[in-house]
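Readers should treat all values here as calculations from the given coordinates under stated rules, not as data from a laboratory. Keep in mind that what you see is a predicted model, and the values were worked out from it rather than measured. Every residue, glycine as well, gets a Cβ built from its backbone with ideal geometry; the counts of neighbours run over all protein chains shown.
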Amino acid sequence: MRRLPAILALPLAAALLLLPAAAGAIEGRYRIDGRNPGEAGGRYGGEVAVAKAGDTYQVAWAVGGQKWVGTGIVTGTVLSVVYGLPTPNGGLASPGVAAYEINPDGTLTGGFALLGTRARGVEAWIPAGR
C-alpha cells in the first residue's frame with residue numbers, strides 16, 4: 001500500500017474534518033425553520049424526526065397540526081426524501097420530494113416541492129436543543 005506524501009496528507013486530513021459526520025449522525029430530532037413555496041409563501045416552524053431503517057431513513061414531520069411522513073436515502077452529503085400525508089391504507093396523499101444538504105455543523109438545509117407544483121419551499125433543520 002502506498003503512503004500519501006506528507007504535503008498531501010495534511011490538507012486531506014483537514015478536508016475530512018470539515019465533512020459532515022457519518023450519515024448515521026443525522027438520526028435524531030430537529031426543529032424546522034421553513035418557508036412555503038411561491039412568492040406569498042409564509043414562514044413556518046415545526047419538528048422533524050429522522051430514524052435509520054436499513055439502508056433508508058424514516059422521516060416524520062409535525063408542522064401546523066399536520067403530520068407528514070417520508071422515506072429518504074443519503075448520497076454523499078445529501079438526504080433525498082419522498083414524502084406526503086399518510087393515508088389509512090399506508091399510501092401517501094399530497095406526495096412531494098425534498099433534498100437536504102447535511103452540513104458540518106449538524107444542520108440540514110434544502111428545498112422541497114409537492115407533486116405537480118412549479119415552486120419550491122425551503123427548510124433548515126436545526127438539531128433539537130440548540
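Details
- With both labels modelled 7 Å from their Cα along Cα-to-Cβ, the ALA53 to VAL97 distance reads 2.0 nm.
- Distance-filtered residues of region 28-59 - backbone nitrogen under 14 Å, label point 7 angstrom along ILE126 Cα→Cβ: 30-35, 44-48
- Among ILE126, GLY46, ILE26 the positive-end extreme of the charge dipole of region 14-130 (Cβ point charges): GLY46
- Measuring nothing but how far apart in sequence close Cα pairs (under 8 Å, 6+ apart) lie, relative to its length, region 21-127 scores a relative contact order of 24 percent.
- A cut-off under 14 angstrom between Cβ atoms defines the neighbours of GLU47, and their net charge, with Lys, Arg +1 and Asp, Glu -1, is +2.
- Extension gain from THR117 to ARG35, taking 0.36 nm per residue of separation minus the Cα-Cα distance: 28.0 nm
- Expected-Rg normalisation [2.2 N^0.38 Å, Cα atoms] applied to region 19-130: 1.01
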